[in-house]
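Trainee: Would you mind keeping the following structure in view while I ask a few things?
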Amino acid sequence: MSEAIGVGRRRRWFGGREGAQKRFVAGVTLPAVAFMAVFSLLPIVWAFALAFFDFSPRRAGSPFLGLGGDNPFVGLEHFKAMTDFSADQPIQVSQFHTAVKVTLAFAFLVVPLNLAITLPLAAMIESVHTRVKPIFRTIFFLPVLASSVGVAIIWGFVLHPQNGLLNGAITRITGKTTQIAWISDPSLVYLGIPVALLAVLVAYLWQDIGYNLVIFIAALQAIPQSVKDAARVDGASAWQTFRHITLPLLKPTILLASILTMISAFQVFDLFQVMTDGGPQDQTRALSLDIYRNAFRYQQMGWAAAVSVVLFAIVFVISLAQTRLLRNRWEY
Amino acid sequence: MSRRTWTMRWLTAVFAVMLLGAACTFGEGETDGDGGDGGGGTTGGEAVTLRMWAHRSTSFNAALRNAARAYEAEHPNVSIELETFDYDSYIQTLQTALPAGNAPDIIHMFGTWTCSYADYLTTVPDDIATLPDAQTAFFSGPLGGFTCDDALYGLPQESNVEYGATLVNTAMADAAGVSTDGWTSWDELIADAKKVTVIQDGAITRAGYHFTAGDGLAHSFLSLILQGGGSYLNADGTAFTLDTPEGERALTLLKSMVDQQIIDPVVYNDEQNWVGDCYFTELCAMGLVGPWAVADYKDDYPEVTANTIYLELPPLEDSKTFIADSGWGLAVSSDSPKADVAWDFARFAALVPENAEAWNLTSGTLPALVENAEGAARDRLVGAFPHFETWFNILPNAQFVGQLPDRDRLYYEIIYNHALAAFQGGETVDEALQAMEAEANDTFG
């Protein structure tokens, strides 16, 4: 009996049309799964392992993957060091604290600003004539396609103290030579936020809003017109319809967009690296930049891995919190 | 099975193989087209193929390629393949390839990096050069980087200097009535720098003397400590001594140049208006950078180059000693199965004076060999690069910066950040020195 069941299972897998389909699915997904396993999963596991070692690729270590020996196991030492808030903390700890602050400030500014720009903009684009919509969508989406390094270089030109467009415009208007170092003067602070960080924020928003815009336009198009019509029949104004009908129905999309934006804001590297290189005075030293420098400039791979674990934990916790806060209990 | 199904399966299989192939052939390395087995005959004995890695640079790569072809001509059984990587990839590739045992036979190594990779390198065999031989043959600056715990791990090819002389735009100097005869004191230099500085509406639109880039600032600070009679390391090299009267004097002198408005470090620094860009776009009248910058910019800015000279910086006291990093040279991986041949090539390229001279001429670098900084070799190098003349005069004063635990962090994140903070008023000189010393000592681990 059991042999018959086994033969039946084998037939389902290897014989007939169903078997052929399963083999086809397995065949086409296997390369992608293998790719993910080798280039994503393995590095993640390796990073978690390295976080518990004082590992530097410059030291030979033990024969087993270079772990141990001159690259000793340190357990939770890296994580303990991160909680050192004393005045004589080592430089890499103080830079880590700075990087956490910079990254949190950046991410928590990016999300509301991005949503504040993209949501009304999407509603406006959605309200224009059908023939014009694609033009606006294209215009706003184009920066998303641009290389981040290119964007950083262009904004660097715009904000250059001597040859920059912005200072050039101010000089023209005021008639006085203006050399404001927007991204290299540590004394420039606005509402407690370094102007250099705001400059990177502006460049990031300029490039990134098109992405959420397209998501919101698609979500707006998916809201049934009948619901809005019913509200209008009941005497709701355009604002009331948006506030009490459209916005609640967009909650799942807002959740998705805010999580994606938050995660990508935590991962921004190229803009910080090219526009400011973490300066001035570490005012734009984001966690991604801190990880890169420790790993590849200073060869402190163990410490960098520990910082990347912390970054992972921060993103994970915040994503979880967002999911809980914006959880939707009904569908339309 | 239908024909269509077969076709689909074949296409799927081919696509999967292509994906796999693409995944396995990633990377940015470039291999010499003509390096292959060009000279790979067997007339001189067993055929040997050596792999050599270098960072990508037109002039450096041409110089290495020429050396390889010359060696192959003398040793027809040996062929040398040069593979190059862009600078950042090169550092990362070395970090991964050396521990993984995938390093090439010969590594074009920046001297200051050498000791951090000593676990994966072989020492120079005595029949190639002993340490005393090398100390006689090479300047101490470049050799210092390749010497780890009194063992020699490579042969230097260039002297890498960033301090000791400054670029001067003679047209700007003439227009401002500044003599280009040189200076005997810092007061004279500062006075001249003020004359060539241009200030409009309170903003410095042309800096008189740019020293506030990462390398220039660190080299200035450390060199001035030495010239003031101090030392930035303790006697056994286990701790930094930056918060000292000599350190205070050095930082105060540098700050005085900012206070006297010959440079605004907010506008002229590592991130914006870097010294090479600043000087050759004529936003700076003088700039502290090594002679390699002229070779780098001369094609794009021939008119500025024509008006450019190097002038020796004044000493702080009588001492003209200044610090220098170690330059590029040749090292051999411990994985090399033909280390003896690889070292013979290194000897050929770096120790034979005419070959070393050819390398310096092609790469536009100052020689590491003492012999090539004298006599006819010196004349030939100066003939090819007139800007070398000033540097030849001061090369004997160059002292290797020392085996620092984390040279890049010290330069670019500790000295640079705190010196700029002191210049801009964010920290006092004392606070900056205390922070520098504490943070620098953390790098000893």
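Trainee: Do the sum for chain A: with -39,500 (n - 2.57) for every DSSP H run of n ≥ 4, divided by all residues, what is the mean residue ellipticity at 222 nm, to the nearest 500 deg cm²/dmol?
Mentor: Details: 14 runs with 209 residues, N = 332.
Estimated from H runs of four or more residues: -20500 deg cm²/dmol.
Trainee: When chain A is modelled as a GNM with alpha-carbon springs shorter than 10 Å, which of A:Lys80, A:Lys251, A:Lys133 fluctuates the most?
Mentor: A:Lys80
Trainee: If the elastic network links every pair of Cα atoms under 10 Å, which of A:Leu42, A:Leu119, A:Leu213 fluctuates the most in the Gaussian network model of chain A?
Mentor: Looking only at A:Leu42, A:Leu119, A:Leu213, the biggest GNM fluctuation is shown by A:Leu42.
Trainee: If you count, for every residue in A:156-168, the Cβ atoms of partner chains within 10 Å of its Cβ, what is the mean? All intermediate terms of the calculation are to be shown ahead of the outcome.
Mentor: Details: counts 2, 0, 0, 1, 3, 7, 11, 4, 1, 0, 0, 1, 0.
Taking the mean over all residues of the peptide, I get 2.
Trainee: Still on this structure, I have one more. Could you tell me the center-to-center distance, by alpha carbons, between segment B:241-277 and segment A:261-332 in angstrom?
Mentor: Computed from Cα coordinates, the inter-centre distance equals 33 Å.
Trainee: Assuming a strict under-27 Å limit between Cα atoms, what lysine pair count do you get for the protein assembly as shown once near-sequence pairs (fewer than 8 apart, same chain) are dropped?
Mentor: 13
Trainee: With a ≥ b ≥ c taken as the square roots of the eigenvalues of the C-alpha gyration tensor of the protein assembly as shown, please select rounded if a/c is under 1.5 and otherwise prolate if a/b is larger than b/c or oblate if it is not?
Mentor: Numbers: a/c = 1.99, a/b = 1.30, b/c = 1.53.
It comes out oblate by the Cα gyration axes.
Trainee: OK, next. Please arrange B:Cys115, B:Cys278 by how many other C-beta atoms lie within 10 Å of their C-beta, fewest to most.
Mentor: Values: B:Cys115 22, B:Cys278 26.
Placing the least packed residue first, the sequence is B:Cys115, B:Cys278.
Trainee: Same structure again: Relative contact order (percent) for segment A:113-229, with alpha-carbon contacts under 8 angstrom and 6 or more residues of separation?
Mentor: Computed value for segment A:113-229: 37 percent relative contact order.
Trainee: With only Lys, Arg, Asp and Glu charged, each at its Cβ (+1 for the first two, -1 for the last two), find how big the charge dipole of the protein assembly as shown is about the Cα centre; round to the nearest 20 debye. All intermediate terms of the calculation are to be shown ahead of the outcome.
Mentor: Numbers: 46 positive and 81 negative charges, 1257 e Å.
Using Cβ point charges on Lys, Arg, Asp and Glu, the protein assembly as shown gives about 6040 debye.
Trainee: Continuing with this model, one more query. If the elastic network links every pair of Cα atoms under 10 Å, which of B:Glu413, B:Glu248, B:Glu46 fluctuates the most in the Gaussian network model of chain B?
Mentor: Maximum fluctuation in the GNM of chain B, among the listed residues, is at B:Glu46.
Trainee: What value, in deg cm²/dmol to 500, does the helix sum -39500 (n - 2.57) over DSSP H runs of n ≥ 4 give at 222 nm once divided by the residues of chain B?
Mentor: Numbers: 18 runs with 192 residues, N = 445.
Computed mean residue ellipticity for chain B: -13000 deg cm²/dmol.
Trainee: For chain A, what's the relative contact order in percent, using C-alpha pairs closer than 8 Å and at least 6 residues apart? Don't jump to the answer; show the numbers that get you there.
Mentor: Numbers: 355 pairs, mean separation 80.0, N = 332.
Contact order relative to length: 24 percent.
Trainee: Moving to a separate point now. Could you tell me which of rounded, prolate or oblate describes chain A, using a ≥ b ≥ c as the square roots of the eigenvalues of the alpha-carbon gyration tensor, with rounded for a/c under 1.5 and, failing that, prolate when a/b is larger than b/c and oblate otherwise?
Mentor: Details: a/c = 2.03, a/b = 1.02, b/c = 1.99.
Oblate, because a/c is 1.5 or more while a/b does not exceed b/c.
Trainee: With an 8 Å Cα cut-off and a minimum separation of 6 or more residues, compute the relative contact order for chain B in percent.
Mentor: Reported relative contact order: 23 percent.
Trainee: Considering only chain B, what is the antiparallel percent among its DSSP beta bridges, to the nearest 5?
Mentor: Antiparallel: roughly 65 percent of the beta bridges in chain B.
Trainee: For a footprinting-style exposure proxy, rank B:Asp86, B:Asp236 by other Cβ within 10 Å, fewest first.
Mentor: Details: B:Asp86 14, B:Asp236 6.
Placing the least packed residue first, the sequence is B:Asp236, B:Asp86.
Trainee: Can you bin segment A:265-324 into rounded, prolate or oblate? Criterion: square roots of the alpha carbon gyration tensor eigenvalues sorted a ≥ b ≥ c, rounded for a/c under 1.5, prolate for a/b above b/c, oblate for the rest.
Mentor: Since a/c reaches 1.5 but b/c is at least a/b, the shape of segment A:265-324 is classed as oblate.
Quick note: the coordinates plus some simple rules give every number you see, no bench work behind them. If you're wondering where the values come from, they're calculated on a predicted model, not measured in any experiment. For neighbour counting, all protein chains shown are included, and Cβ atoms are generated from backbone atoms with ideal geometry for every residue, glycine included.
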